[in-house]
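In what follows, a structure is listed as structure tokens, so that the remarks can point back to it.
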Amino acid sequence: MTVSELSTYLDRLESTSSRNELVKTLAELYLKSSPVEIQPLTYLIQGRLVPFFEPVEIGLGEKLVIAAIAQAFATPADEVAKLFGRLGDLGLVAAKLSAHGSSAELPVTEMHARLLEIAGAAGAGSVEKKRSLFAALLKQVDPNSAKHLVRIALGRLRLGIGDPTVLDALSFARTGDRSLRPVLEGAYNRASDLGLIAKTFWSGGEDDVNALKVTVGRPIRSQLAERLPNPEAVIKKLGLVAVQPKYDGIRVQIHKNGSVVRVFSRNLEDYTVMFSELTTAARGLKDETLILDGEAIAYSKELEEYLPFQLTASRRRQHGIEQAALELPLVAFVFDILYRNGRDLTELPYEERLALVDEVIAGSTVLLPAPIIKTDSVEVLTKTLLDSISQGLEGVVVKRPESKYQAGARNFNWVKLKRHTSGELNDTVDLVLLGYYFGKGKRAEFGVGALLAGVYDAENDRFATITKLGTGLSDAEWRQIRERADKLQVEQRPARVDSILVPDVWLKPEVVVEVMADEITPSPRHTAGKVGDEPGFALRFPRVVSFRGADKGPEDATTVKEIAQLFRQQRERKQPA
Ligand code: ATP
């Protein structure tokens with residue numbers, strides 16, 4: 001496949017406003033690609049060169065891209081900048097200036113390899129090297145390809161293709177339906193690398209995909225927790241449970257392969273350098289290979305106190321890492337082990353895995369075992385929950401002692417119980433901002449009056465609206481929203497957004513906010529949970545509690561399924577059986 005063929009597909013994918021079309025077009029693109037091409041292609045359509053968990057960013061800055069365009073098309077840099085001011089998109093600038101671009105047929109695999117070389121350039125003279133390499137690439141492609149190439153290099157490819165859409169498209173390409181999605185998703189949950197899965201599927205089929213194993217160095221999708229309203233409901237549903245404190249920090253998966261240690265966040269970012277004390281502690285463990293799962297939290301040893309989430313979150317930084325590590329050291333409470341010395345442990349009962357955790361990290365002062373209490377008593381569970389809260393923790397997580405680790409699943413093997421026990425909705429929800437309305441009166445000053453927010457429909461890889469948001473934000477936060485929104489503004493409703501309401505401005509689904517509300521009500525105006533003529537769900541009296549940082553991407557927001565469950569729980573509480 002050539003770069004210009006790919007670019008034609010990127011145009012089609014960009015202008016699609018239906019999710020089904022997105023899947024079909026992507027499947028068509030896949031059908032045209034060979035096993036060698038499909039891996040780089042899969043990364044490229046998500047604006048990447050490598051899987052998300054590999055910290056390779058093309059990330060050329062605007063200034064460098066302007067210089068490269070100037071060099072490629074022998075145009076003065078200030079003229080390129082002027083054109084950029086007029087067109088607002090360097091991709092369009094490159095397309096315009098390369099009007100007589102080359103007709104040479106560059107293969108996609110070669111473009112990918114050369115972009116990798118640009119991303120890898122480091123050290124003295126690397127800026128010039130990146131510019132020259134990129135200019136040479138630009139010169140070799142047609143105008144439309146130059147447009148996409150620039151957007152990829154800037155990290156601004158706006159296709160909005162989520163992982164489930166890629167999995168559906170792969171299945172669709174081979175079978176004409178979504179029937180292979182579960183097989184592909186299973187492998188994805190174990191390996192987190194869509195390119196690898198695509199390549200394996202193309203070259204070896206379903207059996208080879210099934211044979212993809214848990215591997216050190218490739219993160220496993222995190223097991224997640226369900227919610228239940230109170231200790232009574234937990235014991236009624238689960239019986240005997242293992243109860244653990246719920247630490248309000250950041251989920252970390254620690255991979256040790258000899259002396260090479262990597263730390264991944266829940267949405268696959270690499271925290272190896274940022275959370276260096278965890279990396280060092282894991283390197284010192286005796287076992288050769290390990291995958292540990294836990295929660296990193298800033299902890300004051302002097303005060304013997306867990307510090308609030310915001311302080312832990314402040315450790316996610318690119319600069320001043322060493323100083324921050326001195327001021328706010330982290331510990332990690334390890335609550336699971338998934339792999340040890342070549343053996344996949346995910347099928348073992350939780351109790352057995354936890355016993356291994358104790359053995360593996362014994363003696364470490366940074367990697368600490370999460371304590372458990374086993375009980376089937378509502379009183380003991382209630383007391384443990386209250387104890388946790390009084391220690392400044394978020395609540396408890398209860399786990400089925402005999403359950404295996406189900407990568408990527410949110411089910412009742414793990415249930416979280418938190419401190420908000422009054423009111424109808426006893427937990428906050430995480431919503432994705434999908435659009436906004438211009439403000440009136442005082443709000444007009446900020447340019448944003450109300451936000452349109454939604455939840456994630458994981459099954460269909462779509463975002464469905466659930467509420468408008470207008471309260472809970474300070475003036476400064478409204479301004480911040482406006483600033484962020486400006487960068488995410490898109491001209492039409494993104495293909496993955498499902499909405500009856502039409503806001504003044506559509507946003508690319510990216511920003512996640514934590515929202516508290518009084519209750520969930522049926523609503524014909526919102527699409528969350530809406531099936532046919534049945535109403536969807538809305539939130540009553542929603543207010544923004546906080547912005548979620550980099551730990552939650554849009555696909556980590558609360559799901560439609562969770563909302564439906566919260567609605568059922570709320571109804572049961574109102575009308576006890
Ligand atoms: P929340 O916003 O309530 O933390 P979440 O969406 O981040 O929820 P859930 O799966 O719903 O994630 O809740 C489990 C999360 O709680 C885990 O992802 C982990 O980060 C955190 N956690 C803290 N302590 C524990 C523990 N002992 N066992 C499991 N998870 C824990």
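The values are calculated or read from the model by the stated rules, or taken from the named source; none is laboratory data. All values derive from a computational prediction rather than experimental measurement. Neighbour counts run over all protein chains shown; Cβ positions are idealised from the backbone, glycine included. Heads up: the accessible areas ignore ligands, DNA and RNA and are worked out on the full protein's heavy atoms, side chains in. Shrake-Rupley method; radii C 1.70, N 1.55, O 1.52, S 1.80 Å.
If you check Asp556, Asp533, which single one turns out to be surrounded by fewer than 22 Cβ atoms within 10 Å (Cβ to Cβ) and at pLDDT 90 or above? Show your work before the answer.
Working: Asp533 fails: at pLDDT 90 or above.
One residue alone meets the criteria, Asp556.
For the range 485-498, a residue qualifies if it is loosely packed, with under 15 Cβ neighbours inside 10 Å and in a helix (DSSP H, G or I), and the qualifying residues are Asp486, Lys487.
Across the range 356-371, which residue is nearest to Asp248 (Cα to Cα) among those that are more than 13 Å from the ligand (Cβ to nearest atom) and open to solvent by less than 20 Å² (accessible area, probe 1.4 Å)?
We begin by selecting, within the range 356-371, every residue more than 13 Å from the ligand (Cβ to nearest atom); these are 356, 358-367.
Subset that is open to solvent by less than 20 Å² (accessible area, probe 1.4 Å): 360-361, 367.
Numbers: Val360: 24, Ile361: 21, Leu367: 16 Å.
Among them, the one singled out is Leu367.
Evaluating Thr8 against the criteria (1) farther than 26 Å from Pro219 by Cα; (2) open to solvent by less than 30 Å² (accessible area, probe 1.4 Å); (3) of a type in the set (Ser, Thr, Tyr) leaves one unmet condition, (2).
Test Val396 against the stated conditions and say whether it is surrounded by 16 or more Cβ atoms within 10 Å (Cβ to Cβ), more than 24 Å from Phe537 (Cβ to Cβ), among the hydrophobic types (A, V, I, L, M, F, W, C) and within 16 Å of the ligand (Cβ to nearest atom).
The answer is yes for Val396.
Only one of the numbered conditions (1) open to solvent by less than 60 Å² (accessible area, probe 1.4 Å); (2) touching an Asp or Glu at 6+ places or on another chain (Cβ under 8 Å) is not met by Phe438, and that is (1).
Could you please let me know if Pro182 is open to solvent by 30 Å² or more (accessible area, probe 1.4 Å), within 21 Å of the chain's Cα centre (by Cα) and of a type outside the set (S, T, N, Q)?
Numbers: open to solvent by 30 Å² or more (accessible area, probe 1.4 Å): yes; within 21 Å of the chain's Cα centre (by Cα): yes; of a type outside the set (S, T, N, Q): yes.
Yes: the conditions hold for Pro182.
Only one of the listed residues (Arg353, Arg419) is modelled with pLDDT of 95 or more, in contact with an Asp or Glu (Cβ under 9 Å, 6 or more places away or on another chain) and closer than 29 Å to Thr559 by Cα. That residue is Arg353. Close contacts from the range 356-376, counting a first residue that is free of Cβ contacts under 8 Å to residues at least 24 places away in the same chain and a second that is open to solvent by 30 Å² or more (accessible area, probe 1.4 Å) and within 15 Å of the ligand (Cβ to nearest atom), with Cβ to Cβ under 6 Å and a gap of 6+ residues or different chains, come to Asp358/Pro369.
Against the list (1) under 21 Å from Val429 (Cα atoms); (2) more than 12 Å from the ligand (Cβ to nearest atom), the condition Pro245 fails is (2). Taking the criterion of being part of a strand (DSSP E or B) and open to solvent by less than 10 Å² (accessible area, probe 1.4 Å), the residues of the range 457-472 that qualify are Phe463, Ala464, Thr465, Ile466, Thr467, Leu469. Here the range 297-334 is the region considered, the condition is being modelled with pLDDT of 90 or more and assigned to a strand (DSSP E or B), and the residue that is nearest to the ligand (Cβ to nearest atom) is Phe333. Total residues in the range 253-265 satisfying the condition of being closer than 19 Å to Pro369 by Cβ, surrounded by 24 or more Cβ atoms within 10 Å (Cβ to Cβ) and within 13 Å of the ligand (Cβ to nearest atom): the figure is 0.
Filter the range 266-277 down to the residues that are in a loop (DSSP other than H, G, I, E, B) and of a type outside the set (A, V, I, L, M, F, W, C), then identify the one that is nearest to the ligand (Cβ to nearest atom).
Here is the first cut: in the range 266-277, the residues in a loop (DSSP other than H, G, I, E, B) are 266-269, 271-275.
With the extra rule that they be of a type outside the set (A, V, I, L, M, F, W, C), the set shrinks to 266-267, 269, 271-272.
Numbers: Arg266: 6, Asn267: 10, Glu269: 14, Tyr271: 13, Thr272: 18 Å.
Only one residue fits best here, namely Arg266.
Among the criteria (1) open to solvent by less than 50 Å² (accessible area, probe 1.4 Å); (2) within 14 Å of the ligand (Cβ to nearest atom); (3) farther than 30 Å from Ser377 by Cβ; (4) out of contact with any Leu (no Cβ under 7 Å at 6 or more places or on another chain), the one Pro219 does not fulfil is (4). Screening Thr75, Thr16 for residues that are without any contact (Cβ under 8 Å) to a residue 60 or more places away in the chain, farther than 21 Å from Thr109 by Cβ and β-branched (Val, Ile, Thr) leaves exactly one candidate, Thr75. For the range 269-282, indicate whether the set of residues that are touching a Pro at 6+ places or on another chain (Cβ under 9 Å), within 22 Å of Leu224 (Cα to Cα) and open to solvent by 50 Å² or more (accessible area, probe 1.4 Å) is non-empty. Scanning the range 269-282 turns up at least one residue that is touching a Pro at 6+ places or on another chain (Cβ under 9 Å), within 22 Å of Leu224 (Cα to Cα) and open to solvent by 50 Å² or more (accessible area, probe 1.4 Å). Taking the numbered list (1) at pLDDT 95 or above; (2) closer than 27 Å to His255 by Cα; (3) touching an Asp or Glu at 6+ places or on another chain (Cβ under 9 Å) in turn, Lys374 passes all entries but (2).
Residue count for the range 40-60, restricted to those that are open to solvent by 40 Å² or more (accessible area, probe 1.4 Å) and farther than 15 Å from Ile161 by Cα: 5.
So which residues in the range 69-84 are small (Gly, Ala, Ser) and either under 32 Å from the mean Cα position of the chain (by Cα) or not in a helix (DSSP H, G or I) (or both), if there are any at all?
To start, the set of residues in the range 69-84 that are small (Gly, Ala, Ser) comprises 70, 72, 74, 77, 81.
The answer is Ala74, and nothing else.
For Lys383, indicate whether it is at pLDDT 95 or above and surrounded by fewer than 20 Cβ atoms within 10 Å (Cβ to Cβ).
Working: at pLDDT 95 or above: no; surrounded by fewer than 20 Cβ atoms within 10 Å (Cβ to Cβ): yes.
Considered against the rule, which asks whether it is at pLDDT 95 or above and surrounded by fewer than 20 Cβ atoms within 10 Å (Cβ to Cβ), Lys383 comes out as no.
Quick one: would you say Lys237 is away from the ligand (no atom under 15 Å from the Cβ), open to solvent by 50 Å² or more (accessible area, probe 1.4 Å) and modelled with pLDDT of 90 or more?
Yes; evaluated as a whole, the condition is true for this residue.
The set of residues in the range 517-548 being touching a Lys or Arg at 6+ places or on another chain (Cβ under 8 Å) and among the aliphatic types (A, V, I, L, M) consists of Ala517, Ile520, Ala538. For Tyr9, the criteria (1) at pLDDT below 95; (2) in a helix (DSSP H, G or I); (3) of a type outside the set (D, E, K, R) hold in every case but one, which is (1). Number of residues in the range 298-317 that are in contact (Cβ under 8 Å) with a residue 40 or more places away in the chain and out of contact with any Gly (no Cβ under 9 Å at 6 or more places or on another chain): the value is 2.
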